[in-house]
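K.L.:
Encoded as C-alpha cells, here's the structure I'll be asking about.
The values are calculated or read from the model by the stated rules, or taken from the named source; none is laboratory data. All of these numbers come straight from a predicted model, not from anything done at the bench. Please note: Cβ atoms are built from the backbone with ideal geometry, for glycine as well, and neighbour counts cover all protein chains shown. In case anyone asks, the SASA skips ligands and DNA or RNA and just uses the protein heavy atoms, side chains included. Shrake-Rupley method; radii C 1.70, N 1.55, O 1.52, S 1.80 Å.
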Amino acid sequence: MKKTQDKRVQPKVKSSPLKVFNRRDFFNTVWKGLGLLAAFEMAGIFTAYLFSGKRKSIPEPGQLIEAGLAESFAPNSVTPFMGGRFYLARQKDGGFIALSLRCTHLGCSIAWEEKQNRFICPCHSSAFAINGEVLNPPASRALDFYPVMIDNGLIKVDIGTLKERNSFRKDQLQYA
Amino acid sequence: MGSVFLHLHPKRVTEASVQFNRTFGLGGMAALLIVIQIITGVLLRFYYAPYPAEAYNSILFLKNQVLFGQFIRNIHYWSGVFLLMIAFLHFIRVFFTGAYRDIRNINWLLGLVLLILVVLLNFTGYLLPWDQLAYWAITVSTNIIGYLPFAGETLRTMIIGGKELNASTLQSFYAFHTAVFPLLLLLIVTYHFWRVRKAGGILTQHTSEEPVMIPVVPNLVFKEVIVALVLVAALFTFAVFFNAPLLEKANPTFSMNPTKAPWYFAGVQELLIHFNPLFAAFIIPFGVLSFLALIPFLQYQELPNGIWFISEKGQHSAKSTAKFSAVLTIICIVLNQYILKFEILLSPLPAFVSNGIVPLLILFLLLTVFYRFYLKPIKLNKEELVQAAFVFILTAFIILTLTGIFFRGKDMELTFPWNI
Ligand code: FES
C-alpha cells in the first residue's frame with residue numbers, strides 16, 4: 001500500500017521539450033553531413049570512372065564474312081567457320097543458318113558430331129539439332145544465330161549481329 | 001622486425017591458450033600464408049603481362065627462361081590452395097569450439113568475409129594465365145550470373161566487360177587480384193587479429209580456477225616458430241614436386257571435355273548439375289551464407305564453454321547428423337543422375353519449378369522427418385541444434401565437392417576416380 005502511494009507522490013521528471021542546439025552539436029552535424037556528401041561524390045566518381053571506360057559490346061553490323069558459294073554446301077551438312085565463331089548449317093530442304101558456337105546453357109563451345117547428326121556440348125552434355133533446336137537438356141534455348149545473306153549465290157554471314165531465340169522457326173532460314 | 005611481430009601478442013597469455021590442439025595454429029598459419037602470397041605475388045608481377053595476347057606467353061617465359069620462375073609460381077599457387085584450405089579449417093575449428101559468440105560475434109562475421117575474399121582471390125587468380133583451364137572455367141562460372149532474374153545478364157556483362165571474356169575482363173580481374181582484394185584482405189585481417197586480443201585472446205575452456213598466466217616469450221613464440229617452419233617446409237616440398245597447372249593457350253572455339261570448375265567451386269558445380277542455376281548458384285548458397293552469418297546472433301541460453309562439440313550429447317548428435325547427411329547426399333546424387341530426372345518427369349512445368357522448387361521441397365520434407373524422429377526426441381538445446389544444422393550443411397558440401405572433383409569424368413558423367 002505504501003509503495004503505491006510513494007509512486008504517486010513521485011514528482012515527474014521534466015524533460016526539456018526543446019532540444020537546444022549548441023555550437024558543438026551544430027558543427028558536428030555539419031561535418032558529418034559534409035563527410036557523407038564527400039563519400040557519395042567519391043562513390044559516384046569511382047563508379048563513373050570504372051564503367052564508362054569499359055569496352056561496350058556495341059554490335060557492329062556490317063562485319064560480313066564471305067562463306068562461299070551456296071551450291072558448294074551439300075544439304076544436311078555442317079561446316080565450321082572458327083574464325084567467325086559459327087557453324088554454317090545447311091538443312092535438308094536447302095535452307096541456310098549460321099549457328100553460334102556458344103552453348104546456350106553456360107557458354108562452352110559446341111562440337112558437331114557427324115555420326116550422331118547433332119551438336120554436343122562437352123561441358124554438361126547438352127545436345128542440339130542441325131537447326132539449333134535443343135535435343136537434350138540442361139540447355140533450354142535453341143542455339144543463337146547470325147543473319148545470313150545470299151546474293152548471286154554467294155553466302156555472307158553478318159557476325160556483328162548475334163540473334164537470340166527460344167526455339168527454331170522456319171523463317172530463320174535463308175534460301176539461295 | 002622482431003618487435004613488430006611481438007607486438008601482435010600481449011605480454012602474457014593463459015597457459016591453456018597456447019596448447020596446440022586448442023587452435024591447431026590455423027589462424028597463425030593463414031597469416032603466414034598471406035605474407036607468402038604477397039611476396040610471391042609481387043615477384044610474379046615483374047614478369048606477368050595482363051593482356052590476352054601476351055599473358056600466356058609471359059607465363060611460358062616465366063616457366064622456361066626465368067631462374068626459379070616455375071618455383072615462385074608454384075609457391076604462389078600452392079600457398080593460395082593451402083590458404084583456402086587452412087582458412088576453411090580455421091572456420092570449422094572456430095565453429096565447433098563455439099568461439100563465435102557474445103563478444104566474438106563481429107569477428108565471426110569478419111571471418112566469413114575473409115573466407116569469401118580468399119575464394120575471390122583464388123578465383124580471380126585462376127583467369128590470369130589465360131590458358132584453356134582458366135578460360136573455360138571462368139566462362140562457365142560467369143555465365144551462371146546471367147541466370148539471375150532481371151539484372152543477371154546486365155550484371156554479367158558488367159563483370160566481364162562484354163558478352164564474352166575479353167581484354168577488359170582480364171584487366172579487371174588483374175586489378176582485383178593484385179590490388180583490391182589483397183588490400184581489403186590485409187585491412188580486415190589486421191582488424192580480425194585485433195579483435196581476438198580485445199576479446200581476451202583465444203577462447204579456452206571455462207574452469208573454476210584462476211587461469212595460469214605465462215609469458216609469451218618463449219612459450220607461445222617458440223611454438224609459433226615451429227608451426228611456421230613446418231608449414232614452409234611442406235609448402236616448398238609441394239612446390240618442388242607438383243607444378244601449378246598450365247594447359248594450352250586459351251582457345252575460344254574449343255571447349256575441353258569435361259570442363260570443370262576450380263576445385264573450391266566443384267560443390268556448386270555439382271549442385272548445378274542437379275538444380276536449376278537460379279537455385280544451385282544463388283538461392284541455396286545465399287541461404288547457407290545467411291544462416292552462417294546469423295549463427296552468432298541467435299540468443300543462446302548458456303555461456304560459451306569452449307568445449308569441442310559443446311557436450312556429450314552434442315558430439316553424438318553431430319556424428320549421426322553427419323552420417324545422415326552423407327548418405328542422403330549420395331543417394332540424391334545417384335537417384336537424380338539416373339532415375340529421378342525432375343525436368344523430364346515434370347516437363348510441362350517451368351524449369352525453376354520442376355528442377356528447383358520441387359526437389360528443394362522434397363529435401364526439406366526429408367529434413368523435417370529427420371528432425372521430428374531423431375533430433376527432437378533427444379532434446380537438444382539451441383546451441384546443439386544449430387550445430388546439427390551446421391554439420392548437415394558442412395557434410396553435404398564436402399560430399400558434393402568430392403563428387404565434383406573425383407567422380408565426374410567425360411561429359412560430366414558419374415564415374416570412378418580411376419576412370420577419369
Ligand atoms: S555449357 Fe553446354 S551444357 Fe553446360
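K.L.:
Could you tell me which residue of the stretch A:132-154 is farthest from the ligand (Cβ to nearest atom), considering only residues that are without any contact (Cβ under 8 Å) to a residue 12 or more places away in the chain and closer than 25 Å to A:Ser72 by Cβ?
P.N.:
Top of the filtered list is A:Asn152.
K.L.:
Looking at B:Leu89, B:Leu83 in this structure, which one is part of a helix (DSSP H, G or I) and open to solvent by less than 30 Å² (accessible area, probe 1.4 Å)?
P.N.:
Only one candidate qualifies: B:Leu83.
K.L.:
Anything in the stretch B:148-169 that is open to solvent by 30 Å² or more (accessible area, probe 1.4 Å) and either without any contact (Cβ under 8 Å) to a residue 24 or more places away in the chain or in contact with a Cys (Cβ under 8 Å, 6 or more places away or on another chain) (or both)? List them, or say none.
P.N.:
B:Phe150, B:Ala151, B:Glu153, B:Thr154, B:Leu155, B:Thr157, B:Met158, B:Ile159, B:Lys163, listed by residue number.
K.L.:
If you scan the stretch B:107-160, which residues turn out to be aromatic (Phe, Trp, Tyr) and either away from chain A (no Cβ under 11 Å) or touching a Phe, Trp or Tyr at 6+ places or on another chain (Cβ under 6 Å) (or both)?
P.N.:
Answer for the stretch B:107-160, where residues must be aromatic (Phe, Trp, Tyr) and either away from chain A (no Cβ under 11 Å) or touching a Phe, Trp or Tyr at 6+ places or on another chain (Cβ under 6 Å) (or both): B:Trp108, B:Phe123, B:Tyr126, B:Trp130, B:Phe150.
K.L.:
Next question. Anything in the stretch A:90-103 that is surrounded by fewer than 17 Cβ atoms within 10 Å (Cβ to Cβ) and either on the phi < 0 side of the Ramachandran plot or within 16 Å of the ligand (Cβ to nearest atom) (or both)? List them, or say none.
P.N.:
A:Lys92, A:Asp93, listed by residue number.
K.L.:
Residues in the stretch B:158-169: is at least one under 22 Å from the mean Cα position of the chain (by Cα), at negative phi and not acidic (Asp, Glu)? Even if it seems obvious, please write down each step before you answer.
P.N.:
First, pick out the residues of the stretch B:158-169 that are under 22 Å from the mean Cα position of the chain (by Cα): B:159.
With at negative phi added as a condition, the list becomes B:159.
Right, trim to not acidic (Asp, Glu) and you get B:159.
Yes, the stretch B:158-169 contains a residue that is under 22 Å from the mean Cα position of the chain (by Cα), at negative phi and not acidic (Asp, Glu).
K.L.:
How many residues are closer than 17 Å to B:Leu335 by Cα and in a helix (DSSP H, G or I) when one looks only at the stretch B:403-416? Before the answer, list the steps.
P.N.:
Narrowing the stretch B:403-416 to residues closer than 17 Å to B:Leu335 by Cα: B:403-404, B:407-408, B:412-416.
Applying the additional criterion that residues be in a helix (DSSP H, G or I) yields B:403-404, B:412.
Of the residues in the stretch B:403-416, 3 are closer than 17 Å to B:Leu335 by Cα and in a helix (DSSP H, G or I).
K.L.:
Could you grab me the full set of residues in the stretch B:310-345 that are aliphatic (A, V, I, L, M), closer than 17 Å to B:Pro359 by Cα and touching a residue at least 12 places away in the same chain (Cβ under 8 Å)?
P.N.:
Of everything in the stretch B:310-345, those that are aliphatic (A, V, I, L, M), closer than 17 Å to B:Pro359 by Cα and touching a residue at least 12 places away in the same chain (Cβ under 8 Å) turn out to be B:Leu328, B:Ile330, B:Ile333, B:Val334.
K.L.:
Just to be sure before I move on: is B:Tyr51 among the aromatic types (Phe, Trp, Tyr) and buried (at least 20 other Cβ atoms within 10 Å of the Cβ) in the structure I sent?
P.N.:
No.
K.L.:
Can you name the residue in the stretch A:104-131 that is within 8 Å of the ligand (Cβ to nearest atom) and open to solvent by 10 Å² or more (accessible area, probe 1.4 Å) and is also farthest from the other protein chains (Cβ to nearest Cβ) among such residues? Break it down into steps so the answer makes sense when it comes.
P.N.:
First, the residues of the stretch A:104-131 that are within 8 Å of the ligand (Cβ to nearest atom): A:104-108, A:110, A:121-126.
Keeping just the survivors that are open to solvent by 10 Å² or more (accessible area, probe 1.4 Å) gives A:104-105, A:122, A:124-125.
Details: A:Thr104: 10, A:His105: 8, A:Pro122: 3, A:His124: 5, A:Ser125: 4 Å.
Looking at the filtered set, the residue picked out is A:Thr104.
K.L.:
Same structure again: For the stretch B:125-147, enumerate the residues that are free of Cβ contacts under 8 Å to residues at least 12 places away in the same chain and more than 13 Å from the ligand (Cβ to nearest atom). Even if it seems obvious, please write down each step before you answer.
P.N.:
If we filter the stretch B:125-147 for residues that are free of Cβ contacts under 8 Å to residues at least 12 places away in the same chain, which is where we start, we get B:146.
Listed by number, the list is empty, since nothing qualifies.
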